[in-house]
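The values are calculated or read from the model by the stated rules, or taken from the named source; none is laboratory data. Quick caveat, the model's predicted, so the values are computed rather than measured. Cβ atoms come from the backbone with ideal geometry, glycine included; neighbour counts cover every protein chain shown. With ligands, DNA and RNA removed, areas are computed over all heavy atoms of the protein, side chains included. Shrake-Rupley method; radii C 1.70, N 1.55, O 1.52, S 1.80 Å.
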Amino acid sequence: MNDFKLDKADIHILRLLQQQARASFDELASQVGLSSSAVLRRVKRLEKEGVIQDYRATIQPEAIGIGLTAYINLRLEKQSSHAKNSPREMFRSLVQSWSEVTGCVALAGEMDYMLCVVVRDMAHFSRFLSDKLLRHEIVRDCRTSFVLEWVKEEKGLPI
């Protein structure tokens, strides 16, 4: 993807798809000023090059019983009694199995990782914390912040 160049039409298509991923090629074509077949070729090329990674539906959390979002900053132990794997390797493996975690980023600075955790309620969060996260000796410290209100949640990238 390093040598892949986006032109104005590609960027316009990407903007439109971020707003409405279910738009037909005819709809995209009329807004971009290209033929449907040209838009189809461009979208397929953007998918092949990895610029477009996937398509998703945005679901209202409360509609499926998710009422609490938390961000957890955590620090790992530098060494582990498990000589085979480093704490970072172990943590990266563990976090993949936790369905409550919708995002995990490695950080530079005081803390090592930040998790975005979505759960039904505080009781569910408490179980996640005690039964999954803090159960492991590799977790040294964690600090949690709870989302009170979404002020802005951008679904796309600023292109």
- How many residues are of a type outside the set (Gly, Ala, Ser), in contact (Cβ under 8 Å) with a residue 12 or more places away in the chain and not in a loop (DSSP other than H, G, I, E, B) if we restrict to the range 1-34? 14
- If we scan the range 145-154, do we find a residue that is within 24 Å of residue 96 (Cβ to Cβ), assigned to a helix (DSSP H, G or I) and open to solvent by less than 50 Å² (accessible area, probe 1.4 Å)? no
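Are any of the residues in the range 72-90 part of a helix (DSSP H, G or I), closer than 17 Å to residue 132 by Cβ, without any contact (Cβ under 8 Å) to a residue 24 or more places away in the chain and not small (Gly, Ala, Ser)? Spell out the reasoning first.
Keep residues of the range 72-90 that are part of a helix (DSSP H, G or I), which gives 87-90.
Checking which are closer than 17 Å to residue 132 by Cβ leaves us with 87, 90.
Then drop every residue that is not without any contact (Cβ under 8 Å) to a residue 24 or more places away in the chain, which leaves none.
No; the residues of the range 72-90 include none that is part of a helix (DSSP H, G or I), closer than 17 Å to residue 132 by Cβ, without any contact (Cβ under 8 Å) to a residue 24 or more places away in the chain and not small (Gly, Ala, Ser).
Suppose the filter is open to solvent by 40 Å² or more (accessible area, probe 1.4 Å), under 27 Å from residue 15 (Cβ atoms), assigned to a loop (DSSP other than H, G, I, E, B) and modelled with pLDDT of 95 or more; does residue 105 pass it? First the steps, then the outcome.
On the way: open to solvent by 40 Å² or more (accessible area, probe 1.4 Å): yes; under 27 Å from residue 15 (Cβ atoms): yes; assigned to a loop (DSSP other than H, G, I, E, B): no; modelled with pLDDT of 95 or more: yes.
For residue 105, the condition - open to solvent by 40 Å² or more (accessible area, probe 1.4 Å), under 27 Å from residue 15 (Cβ atoms), assigned to a loop (DSSP other than H, G, I, E, B) and modelled with pLDDT of 95 or more - is not met.
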- Query: With respect to residue 65, is the statement that it is of a type outside the set (D, E, K, R), surrounded by 10 or more Cβ atoms within 10 Å (Cβ to Cβ), at positive phi and free of Cβ contacts under 8 Å to residues at least 60 places away in the same chain true?
  - Reply: yes
